[in-house]
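Just so it is clear, none of the values below were taken in a lab; they were calculated from the coordinates. All of these numbers come straight from a predicted model, not from anything done at the bench. Here the Cβ positions follow ideal geometry from the backbone for every residue, glycine too, while neighbour counts run over all protein chains shown.
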């Protein structure tokens, strides 16, 4: 083993740029700080790779927080080409165009919150009128418009774009995805309030259908024609798995950065480190990849600000 990289101490620097702090993290050799810096380097290289199709996957929960704005800006600035997410992302993004969410605490009286008509998502508080009620008011007229236009069967990508165009606002992810023609795929479309509204609409409109296989055909065309692919995966579950699942058919991702708080020892996909995906052919053996352990609401602003400085 050649010892050629010395651990260097970080320094307190007044007014330091985020990219300078990340550089100190890289030189420190220090645990997750070094992994964060490595993740930034991979993302920068991925963004500079000509012909590389860039995937972004994330779960709904962070869209209930201010992290929504960061992801919105990433979509607005076309930093990624394909989004794979969960149904609740549509819920929160649409709801927050009309109503507010509020600060709370992790330790609260949940029975009391129930009686007051307030839902708790971690330390975010969501009144009933800011979620299910407003989504019904927003969604049913749009679905009726689509029906009246003869749209009987839509994919999740088509639904995301239609809602982005019709009721999205400039502070929403869906608006910018539709405007910039960035596809959003939601493989678990019925697992949330958005999906429940689709089901409710179908009860009075028996010919209304969701075409999930159209989404899959588009994803197959994307991966099979890509010269290279890379992914920033925030959190696990279906959004992460659908990203790596489709990329296995082109022998795996060329770049992969995964942010997670999940543990590995329970065998879950959320806990599985990127190196495990290599064994399945979902990430290439020679790919550049890293798993960064930590809360995305902390790590993502640091990482993407550094990437933005570099690309």
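Quick look at the numbers
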{"item": "Mean residue ellipticity (222 nm) of the chain, computed from DSSP H runs ≥ 4 via -39,500 (n - 2.57), nearest 500", "result": "-15000 deg cm²/dmol"}
{"item": "Residue order, fewest to most beta carbons within 10 Å, for 21, 7", "result": "7, 21"}
{"item": "Euclidean distance between Cα centres, segment 237-311 to segment 124-162, Å", "result": "31 Å"}
{"item": "With Cα atoms, 0 to 90° folded angle of helix 18-28 axis to the chain main axis", "result": "50 degrees"}
{"item": "Listed peptides 13-19, 25-31, 154-160 by packing density, highest first (mean Cβ within 10 Å)", "result": "154-160, 25-31, 13-19"}
{"item": "Highest-fluctuation residue, 116, 170, 218 considered, GNM on the chain with Cα pairs under 10 Å", "result": "116"}
{"item": "DSSP beta bridges in the chain [antiparallel fraction, %, rounded to 5]", "result": "20 percent"}
{"item": "The chain: most fluctuating residue of 171, 41, 148 per GNM, C-alpha cutoff 10 Å", "result": "148"}
{"item": "Listed peptides 276-286, 90-100 by packing density, highest first (mean Cβ within 10 Å)", "result": "90-100, 276-286"}
{"item": "Degrees, to the nearest 10: 87-98 long Cα axis against longest axis of the chain", "result": "70 degrees"}
{"item": "Relative contact order of the chain, defined on C-alpha pairs under 8 angstrom at six or more residues apart (%)", "result": "23 percent"}
{"item": "Crossing angle, helix 296-310 versus the chain [Cα axis fit, 0-90 degrees, rounded to tens]", "result": "70 degrees"}
{"item": "Packing-based exposure ordering (other Cβ within 10 Å, fewest first) of 133, 42", "result": "133, 42"}
{"item": "Segment 85-165: relative contact order in percent, alpha carbon pairs under 8 Å with at least 6 residues between", "result": "28 percent"}
{"item": "Residues 172, 202, sorted so that the one with the fewest Cβ neighbours within 10 Å comes first", "result": "202, 172"}
{"item": "Gaussian network model of the chain, Cα within-10 Å springs - most flexible of 175, 101, 185", "result": "101"}
{"item": "Over segment 121-268, relative contact order from alpha-carbon pairs under 8 Å, at least 6 apart, %", "result": "20 percent"}
{"item": "Tensor-based shape of segment 1-147 (alpha-carbon gyration tensor, a/c under 1.5 rounded, otherwise prolate or oblate)", "result": "oblate"}
